[in-house]
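The values are calculated or read from the model by the stated rules, or taken from the named source; none is laboratory data. Keep in mind that what you see is a predicted model, and the values were worked out from it rather than measured. When we count neighbours, we look across all protein chains shown, and the Cβ atoms used for this are built from the backbone with ideal geometry, even at glycine. When the accessible area is computed, the model is the full protein with side chains, heavy atoms only, and any ligands, DNA or RNA have been set aside. Shrake-Rupley method; radii C 1.70, N 1.55, O 1.52, S 1.80 Å.
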Amino acid sequence: MHAHPGNGRPQARRRSPFLSVAAGVGAVVMAATACGGSEPDDGTVELRFSWWGADDRHSTTQQVIDLFEAENPGITIVPEYTDWAGYWDRLATSTAANDAPDIITQEERYLREYGDRGALLDLNEVELDLSGIDPLVAESGDLDGQTFGVATGVNAYAILADPQAFEDAGVEMPDDETWTWDDYIEISAQISEATDGEVVGTQSMSYNETGFQIFARQRGENLYAEDGSLGFSQETLEEWFSVTEQLVENGGQPGAAESVEIEAGGPDQSVLSTNQGAMAHFWTNQLGGISASSGRDIELLRYPGESTEDRTGMFFKPAMFYSISAGTEHPEEAALFVDFLLNSEEAAELILADRGLPANVDVRSHIIDSLPEADARSAVFLSEIEGTIVDGNPPPPIGAGQVVDITKRVTEDLTFGELTPAEAAEQFMSEVEAATGEA
């Protein structure tokens with residue numbers, strides 16, 4: 001079903017890799033004199049490594065640390081972890097105090113913030129083997145000729161669909177190699193109509209700016225340009241919002257109040273998880289959780305318009321980044337640990353897809369047969385769209401974390417009928433420019 005449509009072109013020739021925030025940091029004064037790890041009296045190099053996540057990630061990462069320390073007896077890794085909500089406050093505070101961890105897990109929205117303020121080491125200055133990194137994300141941590149982060153792994157934003165919901169409504173699943181945005185609108189309405197609204201065609205797509213990023217890329221534009229300014233036209237954004245307006249009007253998606261409630265409930269309360277809808281927009285690494293919640297075999301679909309617009313818009317997103325503090329006292333040892341995280345097959349056998357499907361294509365192939373079923377299906381899907389992806393995206397500008405809330409607020413006003421698509425586009429652009437300092 002997901003054979004290459006052949007209309008895109010890969011960014012570079014490469015080996016087949018698959019088959020066989022909450023708190024801002026704008027107030028931080030960055031400095032490149034952070035102490036980083038300390039050196040105990042016995043000569044052992046001590047490195048601090050920070051990450052966010054749940055208990056499963058913490059225990060797995062500790063196993064990876066144990067592996068590394070066994071192979072490198074002169075280096076001790078001190079773990080520093082918290083949940084997502086507390087991570088950025090903690091990192092901002094420690095960095096402002098010149099006490100940043102030596103190895104820092106970074107996220108796309110904040111990479112430029114830390115990189116531009118001199119808090120991150122240029123990874124070109126240390127010995128780090130990046131030759132195996134997928135070309136589609138290999139430069140995703142680059143800013144102005146420097147490399148401030150390397151992708152831990154990859155995922156993609158896609159449409160998740162419930163074949164049983166389609167069957168119950170008597171509507172055929174779309175051919176995701178050829179379907180258009182008009183098809184998406186029509187199919188959504190057909191499902192809602194056939195079930196008297198008991199099952200909606202789709203969940204609102206406008207709450208996440210990533211969907212619009214794909215839509216803009218299909219038209220040769222982008223959410224952000226290389227310099228951090230807006231990379232799309234107001235006309236394109238108005239067209240995007242008009243799709244949502246049509247879906248509200250034809251009943252293809254839930255009404256405004258219900259959409260707000262569904263969005264607030266997160267993936268567990270999505271129309272797919274609750275068996276109340278046929279389609280929703282999520283990251284590929286969320287397939288497992290949503291499939292488990294729904295009790296059904298959810299499928300991944302390409303975005304509409306991938307074969308009918310100017311070019312393909314889907315892309316590989318770095319799940320997160322590994323960075324090294326500019327102030328570490330042990331840059332070479334820190335690089336050795338990052339190299340291990342990226343390139344060790346033994347480490348990957350533990351991490352699997354927890355930090356995205358491994359960015360190293362050979363490592364990705366090595367662990368493919370060990371993945372849980374949903375992650376394995378995501379890997380197959382990513383392998384099938386890989387050849388159609390044209391390029392990646394530049395790191396978002398400083399302030400991009402605020403765009404999440406701006407997107408939700410403008411979408412709510414649109415769906416409640418308080419804004420037209422044209423007014424919504426104008427408001428979104430004005431607010432994002434103010435938030436990112438690009439006005």
Open item on the list: Quick check on segment 89-179: take the gyration tensor over C-alpha atoms, sort the square-rooted eigenvalues as a ≥ b ≥ c, and tell me if it's rounded (a/c under 1.5), prolate or oblate.
Closed with: prolate
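For the pair E172 and W84, what calculated FRET efficiency results from E = 1/(1 + (r/R0)^6), where r is the Cβ-Cβ distance and R0 = 51 Å, to the nearest 0.05?
Details: r = 39 Å, r/R0 = 0.77.
That gives a FRET efficiency of 0.85.
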Task: Principal axis dimensions, largest first and in whole angstrom, of the chain by Cα - done: 73, 48, 38
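For the chain, what % of the accessible area comes from carbon and sulfur atoms, probe 1.4 Å?
44
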- [ ] Could you grab the relative contact order for segment 205-259? Cα pairs under 8 Å, six or more apart, rounded to a whole percent.
- [x] 24
Open item on the list: Taking each pair of distinct Cα atoms in segment 243-305 once, what is the resulting Kirkwood hydrodynamic radius in Å?
Closed with: 12.5
Open item on the list: Give me the one-decimal Kirkwood hydrodynamic radius in Å for segment 114-163, with the sum taken over alpha-carbon pairs.
Closed with: 12.8
TODO: Within 10 Å, count the other beta carbons around each residue, average over each peptide in 56-64, 187-195, 403-411, and list them highest first.
DONE: 187-195, 403-411, 56-64
Task: Average accessible surface area per residue within the chain, 1.4 Å rolling probe, Å² - done: 39
TODO: Would you give the gap between the C-alpha center of segment 189-252 and the C-alpha center of segment 84-145, rounded to a whole Å?
DONE: 31
TODO: Output the relative contact order of segment 245-313, whole-number percent, from Cα pairs under 8 angstrom with separation of 6+ residues.
DONE: 18
Task: Span from the segment 414-437 Cα centroid across to the segment 342-413 one, whole angstrom - done: 29
- [ ] Could you calculate the FRET efficiency of E261 with S229 from 1/(1 + (r/R0)^6), where r is the beta carbon distance between them and R0 is 35 Å, rounded to 0.05?
- [x] 0.50
Task: Zone residues, segment 303-327, relative to A194, backbone N less than 19 Å from point 7 Å out along Cα-to-Cβ - done: 304
Task: Shape call, segment 41-148: gyration tensor on alpha carbons, a/c limit 1.5 - done: rounded
Open item on the list: Let's test the formula: R0 of 41 Å, r as the Cβ-Cβ distance of D297 and H58. What FRET efficiency results, to the nearest 0.05?
Closed with: 0.85
Task: Value of Rg/Rh across segment 333-421 [Cα atoms, Kirkwood radius] - done: 1.15
- [ ] Give me the Debye-computed log₁₀ of I(q)/I(0) at q = 0.14, 0.19, 0.23 Å⁻¹ for segment 170-298, equal point scatterers on Cα only, no solvent, two decimals.
- [x] -0.66, -1.15, -1.45
Open item on the list: Using the Cα centre of the chain as origin and beta-carbon charges of +1 (Lys, Arg) and -1 (Asp, Glu), tell me which of A348, N285, V363 is placed farthest towards the positive end of the dipole.
Closed with: V363
Task: Gyration tensor (Cα) of segment 376-424, equivalent ellipsoid semi-axes in angstrom - done: 32, 17, 12
